[in-house]
Amino acid sequence: MEFVSPEGFRLDGRRPMEMRQIRAEIGAVANADGSVVFEMGNTKVIAAVYVQNRSQQINDQALVRCEYSMANFSTGDHMRKPKGDRQSTEISLVIRQTMEACIMTNLMPRSQIDIFVQVLQADGGTRSVCINAATLALADAGIPMCDLVTSCSAGYLNSTPLLYLNYVEDSAGGPDFTVGILPKLDKVTLLQTDAKLPIDMFENVMQLAIEGCKAVANYIREVLQENTKQLECRRGT
Amino acid sequence: MLQSKSFVRKTKQGKVIKVVREHYLRDDIYCGAPFCNICDSKSARLSSSASTILIFDTNVVLNQIDLLENPAIDDVVILSVVLEEVKNKNLSVYNRIRALCSNSTRKFFVFSNEYHRDTYVKAMVGESPNDRNDRAIRVAAQWYKNHLGDATRVLLITNDRENKRKATEEGISAETVESFVKSLGQPGLLDLLVQPRSEDVGMEEVEDLRPSKRKILYTEHKPMSEITAGLHCGIFHQGKLRVNRYNPFEAYVGSESIGDEIIIYGRVNMNRAFDGDIVAVELLPQDQWHEEKSLSIADEEDEEEEDVHLVPSSADDAPRVPNPAQGSAGGANTVSSRPSGRIVGIIKRNWHSYCGSLEPMPMPAGTGGVAYALFVSKDRRFPKIRIQTRQLGNLLDKRIIVAVDSWDRLSRYPSGHYVRTIGVIGDRETESEVVLIENDIDSRPFTSQVLSCLPPLPWSVSSEDLANPMRQDLRHIRVFSVDPPGCKDIDDALHCTALPNGNFEVGVHIADVTNFVHPGTPLDDEATQRGTSVYLVERRIDMLPKPLTEDICSLRADVERLAFSVVWEMTPEAEIISTRFTKSMIKSCAALSYVEAQARMDDSRLMDPLTTDLRNMNALAKVMRQRRIDRGALTLASAEVKFQIDTETHDPLDIGMYQIREANQMVEEFMLAANISVAAKILEHFPPCSLLRRHPSPTKEMLEPLLRTAAAVGLHLDVSTSKALADSLDCAVGDDPYFNKLIRILATRCMTQAVYFCSGDLSPQEFYHYGLSAPLYTHFTSPIRRYADVVVHRLLAASLGIYKLPAIFQDRPQLTSIADNLNYRHRNAQMASRASVEVHTLIYFRKRPTDTEARIVKIRSNGFIVFVPKYGIEGPVYLTARGDKGGGGEWLVDEQQQKVKKSDGSISYGVLQTVRIHMEVVEPQPNRPKLQLTLM
């Protein structure tokens, strides 16, 4: 199938190196410590963060927990999604490990951080959106982090590296890489794929994904700054 | 530029679920006119002085693609909405229009109107997709009009009356194709036009009969919804229609749902389906399942009959014979166990253009006017096609190409339109061209992009090659090549050195084509497409450009050449002790022909080192061959013929059977060994993506005709395994020396052909090569003329760590499609070679009526099929005069004995019997020569 037309357009009208539309709304859940609804294209995720004290737990650092789930209405088939199946357990783990890499857990001893992520609408690249949402929710909750982890995916179809595949492109079965980075520290915290790709092409795809992550990071930073300004305004200082 | 400009959601209705996709609109799509001062003109494709820009609607592109391909049409903007619709409706037209758009000599520009901010159109409530697309086309035309201003006329070409009316209302100039072509003032173009169907345009004088008088000949095709429902509940069966090459009134649909082939008899049951169409079939009630009507050679309805043709070389080419054994064995009350059916609908058409000529007809009184003529395809599987032409007098003695447009229920024949003329019928060049076109062979010269990939000439081994540590210098070794006389594309050479320990070092050196053909270059793409070189009697169509084929890659004598070598150490008993693969550099000391090599080996006085090498190799080859045969490899025979061609006129001077010598077998043996070694090596390194070659075991049904013939002459063949078959073929010795060969030829045509495949697609048991009785096989030894070998070279080089594996091997579907294309090209090349021989046979016998000996190979009710060993051809001999069906009773066919007897028992002919025949070229109709065989 033709995923990139000879004119250089993808099925949804993007060029190979273009991102999908990103939107974030901070404070979607009022009783959470931090929350966000994060959208990249038609993929939409809600994330909520709760922090509580748990003295009986490990003493010198915070405990991070994560629960990932998909809403029954998130895909077209409206099927009841099983809770705690292998895939969601795996994604929960991936998000938890990625977040642990940037949360400064030693600053919050004897506390437990619960991250809840739910996919409201799935249209490819849910992993990346979940990680970005979790980052924003954590930032909203005011949890100390060494950097804002951001994530983006990139694939390789029709001999072209493509940034952030949507569902149709994703189901073509080509290689798809989910990359998570710490943009300021320039470190990779996540790299996942289930396909093979020769190393020289991989480098291009990886580079593209990293560019994508940085673009997401810029956007997230803007959103946070905007949010902070509003908070400042409300406080009236 | 990571953000899209604005954002609109497009909703597509699936079956049940609603799917929502993003659709980004943008403002960086340019109009493609170089004189536009708003847009970026870097990617502009239209001519700089275009006064009129054409925009076609979908139906025009779909129907009039032949017209668009004519260079008279230029400065065209193809809208992406049109492309999308064309792609969904007809992929072959889509590929053609895409080729036009990427052709740099044509001025076709693709405007992505669907992604443009100003030309995107959202479907209105209640608007059908068709209307929406028509509106999108008009909006785009309007945009062009406003964008380019008054200096340029934007002309919308549409045959849809509604669309044209609306366009004119909106101020866009619009015309129908007919009036547009007429305005160009080139009458020749008018023939290219597809005749509008009577629904489209209100002309009813298409045929002289009034519609009410016209008889409905065919039943209506069922609507798609009914077909889908029928397929679902098992009333209908889906499959690809294959028309019998030797009897166009009989076709087969291989149906998976009933696991058998459904036979379709007659044009009415075929219901306007063409060969290759995907059809829906309904089974007829069992009492209507026909008895074998195909036992007679000629046909009822039409004046067509079986032609003289070359001997088929495998089951794929052979005429399909239903096996009456099943029917007759069951007793008198069974009708036939073969299901027959009728076609109720066509799921997918396989219409393309066809080569042939017009049926001879008297010239109409008024010349120059429009005349209707019947076109007869050269390939008999296709029905006659009715066309309309203004140049009848010109076309009558020409080979022409015609495309099919439609076939309605009222007309016996489909209607089509003229595409182009090839040349005069019977002319050698024309007929060769026809052979090429019919087999879809690209014989155009290589483009400049392809030629620019060649290394500069004159080429010689460079110091870089010498310094390359991966390349072994084997120039000191006595390497030689053995090929057919006059061979210029020498892709294999050999060496054989006696080692001090009594063993032999044997090397097979193959031209290092991949050193020059790099993946992803235009040269490589072209070679992928061509797939193989094609050998016709008088010319060769190369897969790679001539400098590579005949010079740089060709392992000629006394020049240094790059090679890819397989070197074995073998014991004198031809046991392989070690195998080594390496890129190398060689200098061949002799390019021998088979005859020369044979003569050297036979001449006991010659004791020079080269001859000794040859003899050693031959001894080894004999051992290897014997071992292979013991393992169960089949020695099959084919009746290959060789022409002697006049160097001046290129007409054939003499024909005779191709003689196979020991030297041929010697070279073949080492090539087989090299291929097998390479197959094992690449599969070991790349289990999921190796290109291998397999030969499926023939099924019982396929061997049935062979067994029946053998049984009739009292011969028992064991076909349980290839080994058993090989042994029983060895035992089949009759009184005359040719008997064994004849049986082998008959066996060969029962086999299917070997095919290329991607190793990831099949399980290892299926890799088996039946004919060679080898578990693994591939093609490595002819990279100059076969693309499969190029692929295998790359795999082997990658397994040795010389190159990286090209990206394409990561993409299994693509590798599979390459393998499929190679099979297709390979088969077409073979068909073309055979057809070329047939053309030359006809030319040869035109001046030389000949009497010769022939063998009966098949019995029919009104005659038999004979095989002429001397010329390798096969054809019908009639016992009863044609048309004399009623009196056919005097000849009786004995199925069991495979005999045809005169009713009074005075004369009888049995299968494999020798008869004397007379061969002569006759012209029953002007310009239609054919070879006729008559009994003496």
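The values are calculated or read from the model by the stated rules, or taken from the named source; none is laboratory data. Nothing here was measured: the structure is a model prediction, and the numbers come from that model. Cβ placement follows ideal geometry from the backbone for every residue including glycine, while neighbour counts extend to all protein chains displayed.
Out of A:Thr189, A:Thr237, A:Thr228, report the one residue that is surrounded by fewer than 17 Cβ atoms within 10 Å (Cβ to Cβ), at pLDDT 90 or above and away from chain B (no Cβ under 13 Å). Please lay out each step first, then the result.
Working: A:Thr189 fails: surrounded by fewer than 17 Cβ atoms within 10 Å (Cβ to Cβ); A:Thr237 fails: at pLDDT 90 or above.
The match here is A:Thr228.
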field: the stretch B:257-292, subset at pLDDT below 75 and under 22 Å from B:Leu217 (Cα atoms), residue surrounded by the most Cβ atoms within 10 Å (Cβ to Cβ)
entry: B:Trp289
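Can you name every one of the helices (runs of 4 or more DSSP H) wholly within the stretch B:380-461 that holds 2 or more residues which are more than 30 Å from B:Val513 (Cα to Cα) and either in contact with a His (Cβ under 8 Å, 6 or more places away or on another chain) or touching a residue at least 60 places away in the same chain (Cβ under 8 Å) (or both)?
On the way: elements: B:392-395, B:428-438, B:448-451.
Helices (runs of 4 or more DSSP H) meeting the threshold: B:428-438.
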message: Restricting to the stretch B:34-72, name every residue that is modelled with pLDDT under 85, under 22 Å from B:Ala167 (Cβ atoms) and surrounded by fewer than 17 Cβ atoms within 10 Å (Cβ to Cβ).
response: B:Ser51
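Can A:Gly34 be described as in contact (Cβ under 8 Å) with a residue 40 or more places away in the chain, more than 14 Å from chain B (Cβ to nearest Cβ) and not basic (Lys, Arg)? First the steps, then the outcome.
Working: in contact (Cβ under 8 Å) with a residue 40 or more places away in the chain: yes; more than 14 Å from chain B (Cβ to nearest Cβ): yes; not basic (Lys, Arg): yes.
Considered against the rule, which asks whether it is in contact (Cβ under 8 Å) with a residue 40 or more places away in the chain, more than 14 Å from chain B (Cβ to nearest Cβ) and not basic (Lys, Arg), A:Gly34 comes out as yes.
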- prompt: Could you list, in sequence order, the residues of the stretch A:72-88 that are modelled with pLDDT of 80 or more, exposed (fewer than 13 other Cβ atoms within 10 Å of the Cβ) and more than 14 Å from chain B (Cβ to nearest Cβ)?
  reply: A:Asp85, A:Arg86, A:Gln87
- request: Sort out which residues of the stretch B:492-531 are closer than 29 Å to B:Ala835 by Cβ and either of a type in the set (Asp, Glu) or touching a Ser or Thr at 6+ places or on another chain (Cβ under 9 Å) (or both), and write them in order of number.
  value: B:Asp492, B:Ala511, B:Leu523, B:Asp524, B:Asp525, B:Glu526
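Which ranges mark the strands (runs of 3 or more DSSP E) fully within the stretch B:55-162 that have 1 or more residues being within 14 Å of another protein chain (Cβ to nearest Cβ)?
Numbers: elements: B:76-79, B:108-111, B:153-157.
By residue number, B:76-79, B:108-111.
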- line: Across (1) surrounded by 13 or more Cβ atoms within 10 Å (Cβ to Cβ); (2) farther than 24 Å from B:His840 by Cα; (3) among the polar types (S, T, N, Q), B:Ser463 clears everything bar (1)
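Considering only the stretch B:846-900, give the strands (runs of 3 or more DSSP E) lying wholly within it that have at least 3 residues that are in the same structural domain as B:Val911 (by TED's automatic domain parsing), modelled with pLDDT of 80 or more and farther than 18 Å from B:Glu704 by Cα. Break it down stepwise before answering.
On the way: elements: B:850-860, B:863-868, B:873-878, B:891-894.
Correct list: B:850-860, B:863-868, B:873-878.
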task: Identify the single condition in (1) crowded, with 16+ Cβ neighbours inside 10 Å; (2) closer than 30 Å to B:Ser817 by Cβ; (3) hydrophobic (A, V, I, L, M, F, W, C) that B:Leu762 does not satisfy, given that it satisfies every other one.
output: (1)
message: One residue is enough: does the stretch B:603-611 have a residue meeting the conditions modelled with pLDDT of 85 or more, buried (at least 17 other Cβ atoms within 10 Å of the Cβ) and outside any strand (DSSP E or B)?
response: yes
query: Which of the residues spanning the stretch A:1-19 are closer than 22 Å to A:Val216 by Cβ and at the interface with another protein chain (Cβ under 7 Å from one of its Cβ atoms)?
result: A:Asp12, A:Gly13, A:Arg14, A:Glu18, A:Met19
task: Give A:Cys130, A:Cys66 a once-over and let me know the one that is of a type outside the set (D, E, K, R) and assigned to a helix (DSSP H, G or I).
output: A:Cys130
Among (1) part of a loop (DSSP other than H, G, I, E, B); (2) under 14 Å from the mean Cα position of the chain (by Cα); (3) more than 14 Å from every other protein chain (Cβ to nearest Cβ), the one test that A:Gly124 misses: (3)
- line: Taking first residues from the stretch B:574-591 that are outside the structural domain of B:Phe504 (by TED's automatic domain parsing) and second residues anywhere that are outside any strand (DSSP E or B), the pairs with Cβ under 6 Å that are 6 or more apart or on different chains are none
query: Given B:Thr528, B:Thr521, B:Thr514, B:Thr532, which one is closer than 21 Å to B:Lys587 by Cβ and not charged (D, E, K, R)?
result: B:Thr514
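Take the stretch A:170-186 and flag every residue that is more than 11 Å from every other protein chain (Cβ to nearest Cβ) and surrounded by 15 or more Cβ atoms within 10 Å (Cβ to Cβ).
At the first step, the residues of the stretch A:170-186 found to be more than 11 Å from every other protein chain (Cβ to nearest Cβ) are A:170-171, A:176-186.
Hits for the stretch A:170-186 are A:Asp170, A:Asp176, A:Phe177, A:Thr178, A:Val179, A:Gly180, A:Ile181, A:Leu182, A:Pro183.
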task: Test A:Val51 against the criterion of being assigned to a strand (DSSP E or B), in contact (Cβ under 8 Å) with a residue 40 or more places away in the chain, under 30 Å from A:Leu107 (Cα atoms) and in contact with a Leu (Cβ under 9 Å, 6 or more places away or on another chain), and give yes or no.
output: no
query: Name the residues in the stretch A:138-160 that are surrounded by fewer than 23 Cβ atoms within 10 Å (Cβ to Cβ) and farther than 27 Å from A:Ile26 by Cβ, would you?
result: A:Leu157, A:Asn158, A:Ser159, A:Thr160
